[in-house]
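Engineer: Sharing a structure with you now.
The values are calculated or read from the model by the stated rules, or taken from the named source; none is laboratory data. The structure presented is a predicted model; accordingly, all values stated were derived computationally and were not measured. Cβ coordinates were reconstructed from backbone atoms using ideal geometry, including for glycine residues, and neighbour counts include every protein chain displayed. When the accessible area is computed, the model is the full protein with side chains, heavy atoms only, and any ligands, DNA or RNA have been set aside. Shrake-Rupley method; radii C 1.70, N 1.55, O 1.52, S 1.80 Å.
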Amino acid sequence: MRDLPFEAFLNRTVKIGLYVLAGCLLLIGWDYQNRMFWGLAMGVGVGLWNIYFLARRIKLITSRGREFLRDFQREVAGSLIARLLSIVAVLYLASRISLPAVIAAAAGILAVSGIFAAVGGGALLREVKSDQLFRKN
């Protein structure tokens with residue numbers, strides 16, 4: 001098997017996530033007092049924010065080469081703390097709104113990771129189907 005295009009997965013995930021966020025914003029426009037829609041939009045927004053900046057950080061560090069592995073580990077650890085703080089901040093903000101908003105925000109944050117897993121899984125399935133090792137001779 002060949003290496004899978006990580007950047008293509010991230011780009012497709014961000015694109016699908018933006019469609020989901022647009023759908024959430026349409027739902028808010030339809031019923032602006034529904035707190036669950038607000039929580040879902042906040043969660044998807046933070047999930048997209050986190051995956052975009054993680055991808056940007058990885059792209060920046062991997063362009064330097066293997067000799068910067070220690071810097072890579074520090075950079076990813078620093079970005080992990082920033083991403084976790086943004087998640088905590090959004091969940092705290094959603095808790096100030098209502099409990100359904102917290103649940104919807106958490107679901108929105110996890111939805112972006114689920115989208116990435118689905119995109120990667122679909123690509124792996126296509127790769128396995130096209131691989132000659134698994135075809136009958």
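Engineer: Specify which of the listed residues (S79, S86) is within 16 Å of the chain's Cα centre (by Cα), more than 28 Å from A123 (Cα to Cα), among the polar types (S, T, N, Q) and open to solvent by less than 90 Å² (accessible area, probe 1.4 Å).
Structural biologist: S86 is the lone residue from the list that is within 16 Å of the chain's Cα centre (by Cα), more than 28 Å from A123 (Cα to Cα), among the polar types (S, T, N, Q) and open to solvent by less than 90 Å² (accessible area, probe 1.4 Å).
Engineer: Identify, from the list A118, A94, A123, the residue that is surrounded by 15 or more Cβ atoms within 10 Å (Cβ to Cβ), among the aliphatic types (A, V, I, L, M), assigned to a helix (DSSP H, G or I) and modelled with pLDDT of 85 or more.
Structural biologist: A94
Engineer: Given the structure, is I58 open to solvent by 30 Å² or more (accessible area, probe 1.4 Å) and closer than 19 Å to E7 by Cα?
Structural biologist: So I58 fits the description; yes.
Engineer: OK, next. Read through the list (1) more than 25 Å from K15 (Cα to Cα); (2) surrounded by 14 or more Cβ atoms within 10 Å (Cβ to Cβ); (3) modelled with pLDDT of 90 or more, then give the number of the only condition that A104 fails.
Structural biologist: (1)
Engineer: Residue pairs, Cβ under 8 Å, 6 or more apart or interchain, first in the stretch 65-89 and assigned to a helix (DSSP H, G or I), second among the aliphatic types (A, V, I, L, M) and modelled with pLDDT of 85 or more. List them.
Structural biologist: As it stands, the answer is S86/V46; I87/V46; I87/I109, since those pairs meet every condition given.
Engineer: Taking the stretch 1-40, which residues are loosely packed, with under 15 Cβ neighbours inside 10 Å, modelled with pLDDT under 90 and among the basic types (K, R)?
Structural biologist: Correct list: R2 only.
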